[in-house]
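The values are calculated or read from the model by the stated rules, or taken from the named source; none is laboratory data. As the structure is a computational prediction, the values presented were derived from the model and not from experiment. When we count neighbours, we look across all protein chains shown, and the Cβ atoms used for this are built from the backbone with ideal geometry, even at glycine. What goes into the accessible areas is simple: the full protein's heavy atoms, side chains included, and nothing from ligands, DNA or RNA. Shrake-Rupley method; radii C 1.70, N 1.55, O 1.52, S 1.80 Å.
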Amino acid sequence: MPVTTVERIAAFEGETVTLRGWLAGRRSSGKLHFLQVRDGTGTIQCVTAKADVSPDVFLLADHLPQESSLEVTGFVRADARSPIGFEIGVADLRVVQQAAEYPITPKEHGPAFLLDHRHLWLRSSRQHAILRVRAEVVRACREYLDGHGFLAFDAPILTPAACEGTTTLFPVGYFDETAYLTQSGQLYGEAGAMAFGKIYCFGPTFRAEKSKTRRHLTEFWMVEPEMAFAGLDEDMDLAEDFLAHVVQTVLANRRSELAALGRDTAPLERVGKPFPRITYAEALEILAQKGLPVAWGADLGGDEETALSSAFDRPLMVHRYPAEAKAFYMKADPADPRLALCVDVLAPEGYGEIIGGGQREDDPVVLEEKIRAHGLPPSVLDWYVDLRRYGSVPHAGFGMGIERCVAWVCGLHHVRETIPFPRMLERMVP
């Protein structure tokens, strides 16, 4: 007798199969018990008829607690009323473990309660939909980069210095020294680009930001492509093509999950090239017209990003921010050294920056000056300057936060739902 999964059930129509899973819900109607059984690939209704099973099995099916683990054996039959088009007529039922009283009930629970029970909340249909979209986003990222000549390149998690500012570092004891959890794989990615031409890093990154906004986590995942012989224009072209591919792939493969989340896909359908591109100076003009004046030189906050993106129907690229507002490794614009050759991609619908990148400084003398100006330790970054001493070339790249991208694509209010176990300012358990 074949053992199958819900997602493969159509291949066994008219056959008797065994399905292993958990009881997601149960209701009774006289001589019938309807068991909703999920196995991780989907949920199917298993109909237990009094006439088809032993009295013991029929009684058992009427008293099983939610999330009990089961093995159901039964006949696969088509059912037009079923969301998946099939159901199982139960012939036998074996309980692997009868669950204790499940703490998550159909009533409304607050975010704190659900986060305390995150290990169980992951079993809900909503979390299944979100995390399947996340997996699709990750797959699409790798698919695009692998298919466009980028080599997967692993950067270390433990680093000796800051990449994005010394105030957001998590220190870690490293034998007799202090190391830090990585803020980005970019610096190491640049070494990879000088060796292989085009690479991408993909992994967890950490920022000790004391922020409680809906857009921030202290641990998140980033995909970071880096290209040799490339400048800001090539970087923006890549970011545009890459993001459009990710969104269109999710639309092609995960519409049912987006529908389960109630996501209006119309805004996602409009995510196609070209993306509008404006300078930082033009962004300030737009914000002033909207009654949100920003002093020249200041970075843009969440409110400003939301106001800017509301004027466009697809992701917006804002480039050439003031150099003083950006990281030490950004190259200055030769046409105006006050500006950095950088770009932020702002998602529509108020989701803010999802991509940040730009052209890197390729002159060793200038880079050393910037390292000193930012108060970074030259000794631990000498290897990074070395990249400019041996065959330096213009190079560029960007980083995209997976969680912010997933939050936008799914239409979620908070990034905490976009990763299995979120880490936030006041949340490290479970």
message = Can you pull out every residue in the range 264-299 that is closer than 17 Å to residue 319 by Cα, of a type in the set (Asp, Glu) and part of a helix (DSSP H, G or I)?
response = 282, 285
message = Which pairs turn up if I take residues in the range 259-284 that are open to solvent by 50 Å² or more (accessible area, probe 1.4 Å) and look for partners that are part of a strand (DSSP E or B) with beta carbon separation below 7 Å, at least 6 apart in sequence or on another chain?
response = 277/317; 277/319
query = Looking at residue 306, is it open to solvent by 40 Å² or more (accessible area, probe 1.4 Å) and touching a residue at least 24 places away in the same chain (Cβ under 8 Å)?
reply = yes
Cβ-Cβ under 9 Å pairs, at least 6 apart or on other chains, the range 138-166 side closer than 16 Å to residue 190 by Cβ, far side part of a loop (DSSP other than H, G, I, E, B) and open to solvent by 70 Å² or more (accessible area, probe 1.4 Å) = 162/374
Enumerated strands (runs of 3 or more DSSP E) restricted to the range 336-430, each holding at least 1 residues that are open to solvent by 40 Å² or more (accessible area, probe 1.4 Å) and either over 18 Å from residue 230 (Cβ atoms) or not small (Gly, Ala, Ser) (or both) = 336-340, 352-359
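Residues are listed down the side, and each one gets a yes or a no for (1) within 20 Å of residue 20 (Cβ to Cβ); (2) open to solvent by 50 Å² or more (accessible area, probe 1.4 Å):
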residue	(1), (2)
49	no, no
55	no, yes
66	yes, yes
70	yes, no
74	yes, no
79	no, no
84	yes, yes
91	yes, yes
94	yes, yes
ask   = Which of (1) open to solvent by 10 Å² or more (accessible area, probe 1.4 Å); (2) modelled with pLDDT under 95; (3) in a loop (DSSP other than H, G, I, E, B) does residue 314 not meet, given it meets every other one?
value = (2)
request  = Run residue 115 past the list (1) closer than 21 Å to residue 3 by Cα; (2) open to solvent by less than 40 Å² (accessible area, probe 1.4 Å) and report the number of the one that doesn't hold.
outcome  = (1)
